[in-house]
Amino acid sequence: MASGAPIYLDAHSTTPVDPRVLEAMLPYFTEKFGNAASKTHAFGWTAESAVERSRETVAAIIGARSPKEIVFTSGATESDNLAVKGVVESVGPGAHVVTTAIEHHAVLDPCRHLEALGVGLTVVPVEANGIVDPARVAEAITDRTVLVSVMLANNEIGTIQPVGEIGRITRERGVLLHTDAAQAIGRVPIDVDAMGIDLLSISAHKIYGPKGVGALYVRSQKPRVRVAAQMDGGGHERGMRSGTLNVPAIVGLARACDVMRSEGDAETGRIRALRDRLWERFRRELDGVELNGDLERRLAGNLNVSFTGVSSDTLIGAVREIAVSSGSACTSASLEPSYVLRAVGASDARARSSVRFGVSRFTTEAEIDRAASLVVAAVRELRGLAID
Ligand SMILES: *Cc1c(COP(=O)(O)O)cnc(C)c1O
């Protein structure tokens with residue numbers, strides 16, 4: 001097969017900036033460079049009004065009642081840390097937190113950090129399809145529980161969690177609910193009121209925005225959520241996150257949300273068709289392919305497959321033209337099999353032979369076809385079954 005431009009199928013790690021997003025950002029680097037906290041002149045006012053418009057846009061995409069409930073951060077890692085540590089610290093000693101075994105490190109590690117400081121922690125397992133049973137979350141809640149953190153969509157296997165159902169439980173029990181929606185925003189319907197969500201993390205670079213910017217939704221009414229700042233300083237973002245706002249990035253995050261809001265649904269259909277096309281090729285042309293995670297309740301662009309008998313690292317090395325990942329990019333430096341796949345009960349062998357494909361807004365049908373052919377040929381060859 002002729003080689004060509006590399007094919008990007010790693011959309012869960014990051015996505016390219018949409019040209020419309022870049023265009024919206026550019027003036028805020030140069031002529032509209034003001035500090036949004038400068039109250040005394042037009043440069044500051046221009047920046048501030050761009051930030052406030054952006055806040056409205058981000059609030060709208062998740063159904064937040066007030067733009068004041070949006071706190072801009074450096075990304076979902078910071079939002080997750082602020083949510084988990086911020087809520088627990090605001091409550092004081094004796095707190096207990098519930099989370100799941102397949103959360104992103106940005107949630108799991110702050111939880112472990114708090115546990116080391118004496119905070120109670122229950123990590124709820126997920127079922128074999130990669131979905132958490134809300135009844136198990138309910139069982140884990142104690143009198144001391146202050147926060148439940150369950151991601152909306154998983155970054156490795158793409159499974160969509162029943163956050164709305166969990167929200168009914170946390171409401172009933174008077175416990176706060178945080179959800180990491182970095183992968184879900186714009187791809188899964190979100191309504192913080194209807195779903196009973198009190199805190200929600202997003203990141204721009206997973207939705208065709210720039211890296212290094214995100215937001216945390218913090219409910220201000222029914223109940224009013226208190227979050228202890230993790231960054232002390234000038235008291236920006238209603239005291240929850242000090243530091244001069246990254247105005248161009250914030251404008252980019254909002255534009256990325258805007259595009260998702262207007263085109264997300266149509267785009268999801270197209271992306272799902274491409275994902276299904278890839279999966280069909282693997283199923284038709286190869287034996288020993290196993291889908292990891294639920295078939296239906298998953299992100300449209302996610303395909304996580306184990307190719308029996310083929311190590312994912314070897315396979316990825318054999319198809320260098322395709323950008324894919326084994327497990328999570330965040331842990332790809334380690335030789336341990338993915339903890340997410342282990343949590344869904346996959347054997348070591350199955351976990352070590354898994355590859356994550358992520359279809360994006362810019363993926364073409366031709367790229368899917370070429371990627372399928374390259375992977376099928378490589379798997380056959382590595383299994384020593386290559387013919388003619
Ligand atoms: C990418 C990702 C994060 C981290 O987001 P950053 O903005 O890169 O810090 C957190 N959670 C999930 C589910 C993610 O996919």
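Here are the numbers for the structure shown:
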{"item": "Test: S54 is at pLDDT 95 or above, touching a Leu at 6+ places or on another chain (Cβ under 8 Å) and either over 18 Å from D198 (Cβ atoms) or more than 14 Å from the ligand (Cβ to nearest atom) (or both)", "result": "yes"}
{"item": "Strands (runs of 3 or more DSSP E) wholly inside the stretch 62-165 that include at least 1 residues being over 29 Å from G243 (Cα atoms) and either within 16 Å of the ligand (Cβ to nearest atom) or not assigned by TED's automatic domain parsing to the domain that holds V305 (or both)", "result": "96-100, 120-124, 145-149"}
{"item": "Selected residue [charged (D, E, K, R) and on the phi > 0 side of the Ramachandran plot] from R238, R298", "result": "R238"}
{"item": "Condition met for T40 (in a loop (DSSP other than H, G, I, E, B) and either within 22 Å of G243 (Cα to Cα) or at pLDDT 95 or above (or both))", "result": "yes"}
{"item": "Identity of the residue in the stretch 337-388, among the hydroxyl-bearing types (S, T, Y) and closer than 17 Å to G4 by Cα, that ends up surrounded by the fewest Cβ atoms within 10 Å (Cβ to Cβ)", "result": "T364"}
{"item": "Test result for D287, acidic (D, E) and surrounded by 17 or more Cβ atoms within 10 Å (Cβ to Cβ)", "result": "no"}
{"item": "Complete set of residues in the stretch 135-154 that are within 20 Å of the chain's Cα centre (by Cα) and of a type outside the set (V, I, T)", "result": "L147, S149, M151, L152, A153, N154"}
{"item": "All strands (runs of 3 or more DSSP E) inside the stretch 175-258 with 1 or more residues being charged (D, E, K, R)", "result": "176-180"}
{"item": "The stretch 23-35: number of residues that are within 23 Å of R361 (Cα to Cα) and either of a type outside the set (A, V, I, L, M) or in the same structural domain as S354 (by TED's automatic domain parsing) (or both)", "result": "1"}
{"item": "Long-range neighbours under 7 Å by Cβ, at least six apart or interchain, first residue in contact (Cβ under 8 Å) with a residue 40 or more places away in the chain within the stretch 351-367, second among the β-branched types (V, I, T) and in a helix (DSSP H, G or I)", "result": "V355/I316; V359/I271"}
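The values are calculated or read from the model by the stated rules, or taken from the named source; none is laboratory data. Predicted model only: the values in this text are computed from it and were never measured. Positions of Cβ are backbone-derived with ideal geometry, glycine not excepted, and every protein chain shown enters the neighbour counts.
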